[in-house]
Amino acid sequence: MEKQRREELIAGALEARERAYAPYSHYAVGAALLTAEGEIYQGCNVENASYGVSCCAERTAFFKAVSEGRRQFQAIAVAGGMEGCAPVDYAYPCGICRQVMQELGGADFIVVVAKSREDFVEYRLEELLPFGFGGESIK
Ligand code: THU
């Protein structure tokens, strides 16, 4: 994807990560989601004492955007690591978040996983979720 857009998304993910609510895992994740229209929605993980209720950063961003009427998406940047420290590893999206990307992004959706503004990897969703199950499968 275009360099300037990618930089904006990574900066958005790193910023959102600072707002993570992760009192149980202490693993802070931020995401920045680019809509088809060019807007950016940020998300962070939001945990719960009933662990299964927790929501990942990526889904927080998607659900915010969808609830505001957005329906088409180009790309997402994700950054994660232990809170209070810069990311050490690439925080690849979990399987449930990949499935949400399949639903709302599709095969050409771009996923940028960043440790910092300079250190990132970029994939098409199809690479992260091959043979994905989507709406087309049940027509
Ligand atoms: N987490 C995310 O926010 N995104 C992912 O794709 C993987 C995991 C969060 C969930 C939980 O709050 C913490 O990271 C540890 O699993």
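No lab work stands behind these numbers, since they all come straight from the coordinates. What you are looking at is a predicted structure, and each value in this text was computed from that prediction instead of being measured. Counting neighbours? That spans all protein chains shown, and the Cβs are built from the backbone with ideal geometry, glycine included.
For 64, 139, what's the fewest-to-most ordering of other Cβ within 10 Å of each Cβ?
Lowest count first: 139, 64.
Pick from 52, 81, 105: which residue has the top mean-square fluctuation in a GNM of the chain where Cα pairs under 10 Å get a spring?
Between 52, 81, 105, it is 52 that shows the largest mean-square fluctuation.
About the Cα centre of the stretch 31-106, what is the dipole size in debye to 20, counting +1 per Lys and Arg Cβ and -1 per Asp and Glu Cβ, all else neutral?
Working: 5 positive and 8 negative charges, 37 e Å.
The dipole of the stretch 31-106 has a size of about 180 debye.
Between residue 54 and residues 5 or more places away or on another chain, which pairs have amide H atoms under 5 Å apart, with H built 1.01 Å from N, and which residues are they?
Counting only residues 5 or more places away or on other chains, the set is 48.
Only four residue types carry charge here, +1 at the Cβ of Lys and Arg and -1 at the Cβ of Asp and Glu. Report the dipole size of the chain about the Cα centre in Debye, rounded to the nearest 20.
Dipole of the chain, to the nearest 20 debye: 220 debye.
Let me know the charge dipole size of the stretch 2-69 about its Cα centre in debye, to the nearest 20, where only the beta-carbon of Lys, Arg (+1) and Asp, Glu (-1) is charged.
Roughly 160 debye for the stretch 2-69.
May I ask which residue of 110, 95, 123 lies farthest towards the positive end of the charge dipole of the stretch 80-139, with charges of +1 (Lys, Arg) and -1 (Asp, Glu) on Cβ and the Cα centre as origin?
Checked the options; the winner is 95.
Return the distance in nm (one decimal) between the two label points of a simple spin-label model at residue 51 and residue 117, each offset 7 Å from Cα along Cα→Cβ.
3.7 nm
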